[in-house]
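**Student:** Dropping a structure here in structure tokens format, bear with me for questions.
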Amino acid sequence: MQLVLAGKYIGAGLASIGLVGAGIGIAIVFAALINGVSRNPALKGQLFTYSILGFALSEATGLFALMIAFLLLYAV
Amino acid sequence: MNFIINSPLEQFTTRVYFGLSSGLINLDTITLTSFSIYSIAVVALILGFSILNDNNTNILPTRWSLAFESLYFTVEKMVSEQIGGLEGRLLFPFMFSLFMYILIANVVSLVPYSYAINAQLIWTIGLSVAIWIGCTLTGLANHGAKFFGLFLPSGTNLPLVPVLVIIELLSYIARALSLGLRLGSNILAGHLLLVILAGLILNFISISIFTFALGILPLSILLGIVALESAIAFIQAIVFTILTCSYIKDAIHLH
């Protein structure tokens, strides 16, 4: 029983490593936004809209990994 | 009811407030739970917001009617850009209802001690699977067997075709799950983080008068995270609606 609990905690910790991808992905999206606005400042509004969409999609992938961690912790 | 909170996950428990029971048939679905009370509150807020701010007798807009019109134009721009034409106008009420429901439900859940409707994964994934089934049936009804041409981007080499079709098929099926899981896991993780941090700050503050005074710093960090959560509430409503429009456009126009 204690081994199952230890396995749960270790599994949840390992699954949270997937959030590294989310962090890097969001940084890439906003780096592209800064590059794009610096090249053409007139497109700031449209590029910002696309960057918010890209941020949400990239964060979703990271949160899929976090959901696996919660699944392991609380739903066996 | 127990007012002492034991774990941060207790904020997501659905409590039954009023239920019917019968010895003959299963009446579990006719219950008034926290989910249904908050759903009714969200719909009442949307209706009240719309009815009180319609301002249809004045020429000059009030601040409230400007805010409501900006929400309207957000959804209209999304729908007319993604699904243009007649189908876009016909589907606009559905998109607007979806957007307003998710937005107001997310914003209501930011009130302290409140209950997050969109953190219930059964609800969000069920909604997204229903939308996905609707898109697939729409595509099959409009295009027949040619709907499966959605899975083959034009101009691919012949050896790549089987692999690409399988990958596109898997990605299409994953849409059903990912649309709802994105919304649900964002709201769930955000609220869980807020409650965990608030519990830790409470433990820190209750040590002595010195830490009570020093507690203004962690509380300001918590304020920053609440601001992030309200931005996430708005962004997740927009992303859900814009992705639904994109999936419907794929079903109607086939790329």
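**Student:** In segment B:4-22, what count of residues is obtained for those that are over 30 Å from residue B:112 (Cβ atoms) and either within 14 Å of chain A (Cβ to nearest Cβ) or open to solvent by 90 Å² or more (accessible area, probe 1.4 Å) (or both)?
**Tutor:** 1
**Student:** Do we find a residue being over 30 Å from residue B:67 (Cβ atoms), within 14 Å of another protein chain (Cβ to nearest Cβ) and touching a residue at least 24 places away in the same chain (Cβ under 8 Å) anywhere in segment B:193-200?
**Tutor:** Checked segment B:193-200: at least one residue is over 30 Å from residue B:67 (Cβ atoms), within 14 Å of another protein chain (Cβ to nearest Cβ) and touching a residue at least 24 places away in the same chain (Cβ under 8 Å).
**Student:** Right, here's the next one. Do we find a residue being within 30 Å of residue B:135 (Cα to Cα), touching a residue at least 60 places away in the same chain (Cβ under 8 Å), surrounded by 10 or more Cβ atoms within 10 Å (Cβ to Cβ) and out of contact with any Gly (no Cβ under 9 Å at 6 or more places or on another chain) anywhere in segment B:42-56?
**Tutor:** Checked against the condition, which is being within 30 Å of residue B:135 (Cα to Cα), touching a residue at least 60 places away in the same chain (Cβ under 8 Å), surrounded by 10 or more Cβ atoms within 10 Å (Cβ to Cβ) and out of contact with any Gly (no Cβ under 9 Å at 6 or more places or on another chain), segment B:42-56 yields at least one hit.
Quick grid of which residues meet (1) within 15 Å of residue B:189 (Cβ to Cβ); (2) in contact with a helix residue (DSSP H, G or I) (Cβ under 9 Å, 6 or more places away or on another chain); (3) more than 10 Å from chain B (Cβ to nearest Cβ); (4) open to solvent by 50 Å² or more (accessible area, probe 1.4 Å):
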position	(1), (2), (3), (4)
A:1	no, no, yes, yes
A:4	no, no, yes, yes
A:16	yes, yes, yes, no
A:30	no, yes, yes, yes
A:33	no, yes, yes, no
A:36	no, yes, yes, no
A:57	no, yes, no, yes
A:60	yes, yes, no, no
A:66	yes, yes, no, no
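**Student:** Need pairs with beta-carbon distance below 9 Å; first residue more than 30 Å from residue B:88 (Cα to Cα) and within segment B:218-243, second aromatic (Phe, Trp, Tyr) and surrounded by fewer than 20 Cβ atoms within 10 Å (Cβ to Cβ); sequence gap 6+ or separate chains.
**Tutor:** Matching pairs, first to second residue: B:218/B:204.
The values are calculated or read from the model by the stated rules, or taken from the named source; none is laboratory data. Nothing here was measured: the structure is a model prediction, and the numbers come from that model. Note: ideal-geometry Cβ built from the backbone for every residue, glycine included; neighbour counts use all protein chains shown. SASA here: full protein model, heavy atoms, side chains in, ligands and nucleic acids out. Shrake-Rupley method; radii C 1.70, N 1.55, O 1.52, S 1.80 Å.
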